[in-house]
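Down below is the structure, laid out as structure tokens.
The values are calculated or read from the model by the stated rules, or taken from the named source; none is laboratory data. Keep in mind that this is a model prediction, so the values were computed, not measured. A quick note on method: Cβ atoms are made from the backbone with ideal geometry, for glycine too, and the neighbour counts reach across all protein chains shown.
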Amino acid sequence: MGIKTSDDKFFTRVDKGINNDFMRKAVSGAQERMQGRRLDSISALGDWEDWRNLAEEIRQHTLENLDFYLEQLADNVVKNGGNIFFAETAEEANEYIKSVVASKEAKKIIKSKSMVTEEISMNQALESLGCEVIESDLGEWILQLDDHDPPSHIVVPALHKNKEQIRETFADKRGYKRTSDPKEMALFAREQLRKDFLEAEVGITGCNFAVAESGSISLVTNEGNARMATTIPKTQITVMGMERIVPTWEELDVLVSMLARSAVGQKLTSYVTGLTGTKEEGDVDGPEEFHLVVVDNGRSKILGTQFQSALQCIRCAACINVCPVYRHVGGHSYGSIYPGPIGAVLNPLLGDYDEWKELPYASTLCGACTEVCPVKIPLHNLLIEHRRVMVEQAGKAPFAEKLAMKGYAFAASSPSVYNVGTKTAPSVMGPYSKNGLISNGPGPVKLWTDIRDLPELSKGKDKFRTWFENRDKGGE
Amino acid sequence: MKVSLFLTCLADVVYPASVGKSTVEILERFGCEVDFPKKQTCCGQPAFNSGYHRETKEVAKHMINVFKDAEYVVSPSGSCTTMLHEYPHLFEDDPEWKQKAEQLKSKSYELTQFLVDVLKITDVGAKLNAKATYHTSCHMTRLLGVKEAPMTLLKSVEGLEFTELPNKEQCCGFGGTFSVKMVPISEQMVNEKVQHIEETDAEVLVGADLGCLMNIGGRINRQGKAIKVMHIAEVLNSK
């Protein structure tokens, strides 16, 4: 599957989203709660724009010197007794992870939340070995129980479900008999997962940021599940996107602080975990064996292009939480594990324009995403850039649109043509207008009038130009 | 002070004289000498936002020439002014045109921005007895960065009873070609906007961008609701 989560066509997915009242209520409610919390928590930091500038600088510097920091990271991981593997493709990553799991003869694997493992379909790869792979993030666990319902949000994967639906899933799949009280359900999940934590031979985690200077990885969670997954199993595998790295702990401090605030409106998440190397003599817990898998899977192709800033992303989902399109269609409409504005930017880069051609257009370019992004990715500009590439390079623009745009540019750069056109247009549209409104227009106007009226085009003495001209002549 | 009016294609082609006329009259009331370069057309945004940047450059060059001698360029649209400010990015590899584009950018203002920031006016002396709410258009607030000016001026309008629009910063679903390319999504967005407007009990919806107003107003008409839509220039020119 990779990043793709649905075989439906774009507008079919959108229709399903729009018609899902439960999901829409859950999403709009969550958006408002999360925006409110985000604003409260960033105002406590002082000048947020200064922080954003700093974060942008850190991310840009790291990407410009990615080769250096990855090498430093690799050296330090090995020094600390760990293993490092650079995977160019999803297949290479999965083959390596499978080989580690097979060498341990592991049957049960416990995971903490990780988008990159979803991106490479790691669970399916391990299941093909006959392993049981258990998601321990509560949201991910709910989706896994619910017949692998895809995530609809990168931070809150089960955002599209309400508590009643979750109770039903628990009842159907695990014989849950209690109420839909979130506390009671969380307690149940805790009981269920505890056994898995204790039995798993391998723990697999994602990585919020790797720290190059010490060869460490850091994880932020509110559930503590990543700590369980990294301390109990004897073998730990951490999978990271190749761009998720900071030079030192100092930059980590800045970015984690901004991540928690941007993602969930917290000063800090309940758990911020830093892990360096394997268990040493005298340590109470920790893995005996550690593997860090650094995944490229299309990222290096983005480096050095006009889309490089997309790699600054720290996966906080602030852009998703303010997106008015996401609000109405929900995460599944994007058809990818990466929804929202960042998804609309990333999917055509990680995949191709054939598969993801609609996403860059699924935006009004309102700029809400760009405004909240803590690392200053110019998201709406990157969406325009995708459109430009599709028109100018990828040959994806419809012929009629190309023709229309050529005509538009010709008219808008030659006043005589523009004036003839604007004088003729009202009479062309005349037959469609009634009481000063057009309710059922022709051609492309029909798409507009499908849901709204259009004012009758101004003509003759009603026009500004006529008024201004008469005035010049002393007419008014 | 000499001001050249950039009317915008919507105020030119779609709407009757009122928006442009109000803009001219307000500016003149505050001592500006207003001219209207007749060769002006459109800012190029339909092509730019759709990814047709070669075509946008043709339009931009034309507009740069049209306004090359202007002292100030003032427009009754936050979005179209934002587009003029975008021109320098179009000519990154063409220093001569980039410099001309920068020049146009530096003298281009949205109407309320010009009144408040350049003319230093906070009260236009307008009068309108109505319950109103204001739609903050996205490009004007987020991209052009004009947030306070419209409210400053609206507050000075005598008789205007004002209620803030819930979720005011949320897009109305216009988005230029988005409104016809993504009709089902645009419909949901504009429905929510209309619902919020109704919650304020406003008789008049005021906005500073005809694109948004055409979208929201068109939906209001289709739904048969009795809410009047006015451009901010018309409100500020009411007596």
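Restricting attention to the stretch A:12-38 and to residues that are surrounded by fewer than 18 Cβ atoms within 10 Å (Cβ to Cβ) and touching a residue at least 40 places away in the same chain (Cβ under 8 Å), the residue that is nearest to the other protein chains (Cβ to nearest Cβ) turns out to be A:28.
For (1) facing another protein chain (nearest Cβ under 9 Å); (2) among the polar types (S, T, N, Q); (3) farther than 30 Å from residue A:427 by Cα, each residue gets a yes or a no:
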{"residue": "B:5", "(1), (2), (3)": "yes, no, no"}
{"residue": "B:26", "(1), (2), (3)": "no, no, yes"}
{"residue": "B:56", "(1), (2), (3)": "yes, yes, no"}
{"residue": "B:98", "(1), (2), (3)": "no, no, yes"}
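For every residue, the table says whether it meets (1) of a type in the set (Ser, Thr, Tyr); (2) buried (at least 16 other Cβ atoms within 10 Å of the Cβ); (3) under 16 Å from residue A:144 (Cα atoms); (4) in the same structural domain as residue A:261 (by TED's automatic domain parsing).
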| residue | (1), (2), (3), (4) |
| --- | --- |
| A:160 | no, yes, yes, yes |
| A:174 | no, no, yes, yes |
| A:211 | no, yes, no, yes |
| A:231 | yes, yes, no, yes |
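A single member of B:39, B:21 is facing chain A (nearest Cβ under 7 Å), surrounded by fewer than 24 Cβ atoms within 10 Å (Cβ to Cβ), at pLDDT 95 or above and not in a helix (DSSP H, G or I), and it is B:39. Just one residue in the set A:353, A:326 is aromatic (Phe, Trp, Tyr), touching a residue at least 40 places away in the same chain (Cβ under 8 Å) and crowded, with 24+ Cβ neighbours inside 10 Å; that residue is A:326. For the stretch A:17-42, taking the residues that are farther than 23 Å from residue A:252 by Cβ and of a type in the set (S, T, N, Q), the one that is nearest to the chain's Cα centre (by Cα) is identified as A:31.
If I go through the stretch B:116-129 residue by residue, how many of them are in contact with a strand residue (DSSP E or B) (Cβ under 9 Å, 6 or more places away or on another chain) and touching a residue at least 40 places away in the same chain (Cβ under 8 Å)?
5
Restricting A:138, A:129 to those that are under 26 Å from the mean Cα position of the chain (by Cα) and of a type outside the set (S, T, N, Q) reduces the list to A:138. Of the numbered criteria (1) at the interface with chain A (Cβ under 7 Å from one of its Cβ atoms); (2) in contact with a His (Cβ under 9 Å, 6 or more places away or on another chain); (3) of a type outside the set (Phe, Trp, Tyr); (4) not in a helix (DSSP H, G or I), the one residue B:11 fails is (4).
Only residues that are among the polar types (S, T, N, Q) and within 14 Å of chain A (Cβ to nearest Cβ) were counted in the stretch B:145-175, giving 2.
Okay, residues lined up against (1) facing chain A (nearest Cβ under 8 Å); (2) of a type in the set (A, V, I, L, M, F, W, C); (3) over 20 Å from the mean Cα position of the chain (by Cα):
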{"site": "B:139", "(1), (2), (3)": "yes, no, no"}
{"site": "B:143", "(1), (2), (3)": "yes, yes, no"}
{"site": "B:178", "(1), (2), (3)": "yes, yes, no"}
{"site": "B:183", "(1), (2), (3)": "yes, yes, yes"}
{"site": "B:203", "(1), (2), (3)": "no, no, yes"}
{"site": "B:221", "(1), (2), (3)": "yes, no, yes"}
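Sort out which residues of the stretch A:263-275 are more than 22 Å from the chain's Cα centre (by Cα) and either over 30 Å from residue A:42 (Cβ atoms) or part of a loop (DSSP other than H, G, I, E, B) (or both), and write them in order of number. Answer for the stretch A:263-275, where residues must be more than 22 Å from the chain's Cα centre (by Cα) and either over 30 Å from residue A:42 (Cβ atoms) or part of a loop (DSSP other than H, G, I, E, B) (or both): just A:270. The sole residue among A:425, A:411 that is more than 30 Å from residue A:321 (Cα to Cα), out of contact with any Asp or Glu (no Cβ under 6 Å at 6 or more places or on another chain) and surrounded by 18 or more Cβ atoms within 10 Å (Cβ to Cβ) is A:411.
Of all the residues in the stretch A:85-95, those that are in contact (Cβ under 8 Å) with a residue 60 or more places away in the chain and crowded, with 19+ Cβ neighbours inside 10 Å number 4. The helices (runs of 4 or more DSSP H) found entirely in the stretch A:63-172 that carry 2 or more residues being closer than 23 Å to residue A:290 by Cβ are A:66-79, A:90-103, A:115-119, A:122-127.
Within the set A:240, A:228, the sole residue that is under 21 Å from residue A:69 (Cβ atoms) and touching a residue at least 12 places away in the same chain (Cβ under 8 Å) turns out to be A:240. Considering only residues in the stretch A:279-306 that are touching a residue at least 40 places away in the same chain (Cβ under 8 Å) and aliphatic (A, V, I, L, M), the one that is surrounded by the fewest Cβ atoms within 10 Å (Cβ to Cβ) turns out to be A:303. Residues in the stretch B:126-137 that are over 15 Å from the mean Cα position of the chain (by Cα) and either part of a helix (DSSP H, G or I) or under 21 Å from residue B:210 (Cα atoms) (or both) were compared, and the one that is farthest from the other protein chains (Cβ to nearest Cβ) is B:131. Scanning the stretch A:339-378 for residues that are within 14 Å of chain B (Cβ to nearest Cβ), assigned to a loop (DSSP other than H, G, I, E, B) and β-branched (Val, Ile, Thr) yields a count of 1.
Yes or no, residue by residue, for (1) part of a loop (DSSP other than H, G, I, E, B); (2) under 30 Å from residue A:396 (Cα atoms):
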{"residue": "B:43", "(1), (2)": "yes, yes"}
{"residue": "B:46", "(1), (2)": "no, yes"}
{"residue": "B:54", "(1), (2)": "no, yes"}
{"residue": "B:58", "(1), (2)": "no, yes"}
{"residue": "B:84", "(1), (2)": "no, yes"}
{"residue": "B:114", "(1), (2)": "no, no"}
{"residue": "B:124", "(1), (2)": "yes, no"}
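Against the definition (buried (at least 17 other Cβ atoms within 10 Å of the Cβ) and closer than 21 Å to residue A:244 by Cβ), how does residue A:373 come out, yes or no? Yes, satisfied. Once the stretch A:405-417 is narrowed to residues that are assigned to a helix (DSSP H, G or I) and either more than 7 Å from every other protein chain (Cβ to nearest Cβ) or of a type in the set (A, V, I, L, M, F, W, C) (or both), the residue that is nearest to residue B:186 (Cα to Cα) is A:405.
Among the residues making up the stretch A:418-476, those that are aromatic (Phe, Trp, Tyr), more than 19 Å from residue B:223 (Cβ to Cβ) and at the interface with chain B (Cβ under 9 Å from one of its Cβ atoms) are A:418, A:464, A:467, A:468.
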